Each structure stands twice: as C-alpha cells, then as structure tokens.
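Before any comments, here is the structure.
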Amino acid sequence: MARPRKPLLSTDRIVETARELVDREGLAAVSTRRLAAELGVSGPSLYNHFRTKDQILEAVADSVSALVDLAMFEDGRDWRTALHDWAVSYRAALRDHPNIVPVLARGPGRRPAALRLADAVYGAMVDAGWPPAQATSIGALMRYFIMGSALGSFAGGFVDDASAYDPADYPHLGQAHLLAEQQEKIDERAFEAGLTALLDGLERQYEQVGQDVQR
C-alpha cells in the first residue's frame, strides 16, 4: 500500500497552526521548533515560508486583523454607525484571539490586512467630512479603546472569594466576588457604554466641524 501523503506545508497552514498555538498557550509558546513539531515537519522547512519567529507572529496578527468586517465603510452607513459596527467586529476578533493583542498593538507596520483596516477607517472619516488630521485621531483613539478593552477582563479580574473583600478594608466591594460569574455580561455592557460615550463626543465635534465649514 502507498504511504499516506503528509499535508503540504503552506503559509496558510503555518499561520493557522501558529494562531491556534498562540490562542492556546500564549506568545511565549511559539518557536520554530515547537511550531515544526505541531505541523509534523522538520524545523528548516519553515524557513521556506518565514525566516524568523517574529515574521510568523506578524502573520498571525494580520490573520486576526483580516477577521474584522469592513463592509460598513462601503455600504452607505453613516460614519457614526459605521464606526460603532466596526468597533464591535474588531473587538469580537480580539476577544477570540486575546493573546495576539500585544503584537497588534505595535501598529499595522507592513501587515496588509491591518493596513487595509486603517485605510478603510481613515478614508470613511474623510469622505464623511472630517478634516484629515481629525480623521487620523479618530482612527488612533478607536484603536486605543478597542485594544484596551481586549487586553483583559475587568469583571474577570476579581476573585470569587468573598473573604478577599473585607468590608473593613474595602467597604464598597461587598459584591465584588460576584463579578467574575457575570464576566461576559459586565464586560460587554462596559464596552458598549464606553463606545457610546466616545461616539457621542465625536458627534459633538462633528457638529462643530460643520459649523466651521459654514463660516
């Protein structure tokens, strides 16, 4: 009988396997040796696709950026609705792959999907009438907010042990031990509250931009 063929090694397969490893064990788990073992190949074979571990992590980061929906910037939604819907999609991608956020936080660099994302946001804001400098600031502040929300869970940061919150020391944290069990609900509500406040502030600035143009 013919021996079964091993799956062909491809860039996509390497990135997918590396992303799964990052999701499962974090950035520190990734090495060319470990990745080669996960793929069932020899280490040197990876160098036909990536020269360094950093290049692999950059590709993983870009694969996560590619998960973010950008259709809202092309289908006629107003700038506020588009920003809201994009932020929700962006956060969902980061929530599913939180361990890669530190790499994404470095900025888009030369990553194609990340650059398409930045281009879509900036272009939509300029097309909506925002001055270029303010459009740049909007892209930056949205990224700060979304990535900050993905770096960790507020509710999940509290232990579920009531004895950790002695009322003599923490008189206002009597219910803090209950937060962890409501982690997703609390974090989602906080994100939406912050996003709404941010967009409300931008809308006031946008009204001022319109007044300035009319003068």
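The values are calculated or read from the model by the stated rules, or taken from the named source; none is laboratory data. Model, not experiment: these values are computed from the prediction. All Cβ positions, glycine included, derive from the backbone under ideal geometry; neighbour counts span all protein chains shown. Note: areas computed on protein heavy atoms with side chains; ligands, DNA, RNA excluded. Shrake-Rupley method; radii C 1.70, N 1.55, O 1.52, S 1.80 Å.
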### Query
Share of the chain's accessible area from carbon and sulfur, percent, 1.4 Å?
53 percent
### Query
What accessible area, in Å² to the nearest ten, does a 1.4 Å probe give for VAL159?
80 Å²
## Note on the structure
Percent relative contact order for the chain, counting Cα pairs under 8 Å at least six residues apart, stands at 16 percent
### Task
Determine the dipole magnitude for segment 63-199: charges of +1 sit on the beta-carbon of Lys and Arg, -1 on that of Asp and Glu, nothing else is charged, the reference point is the Cα centre, and the result goes in debye to the nearest 20.
660 debye
### Query
On average, how much accessible surface per residue is there in the chain, in Å², for a 1.4 Å probe, leaving out ligands, DNA and RNA?
59 Å²
### Message
What are the ³J(HN,Hα) couplings of segment 168-173, residue after residue, when phi is run through the Karplus curve with 6.51, -1.76, 1.60 and θ = phi - 60°? Round to Hz, x for glycine and proline.
### Response
5, 9, 10, x, 9, 10
### Positive-end residue of ILE138, THR17, PHE191, charge dipole of the chain with Cβ unit charges
THR17
### Message
Roughly how far apart, in whole Å, are the Cα centres of segment 116-175 and segment 47-69?
### Response
24 Å
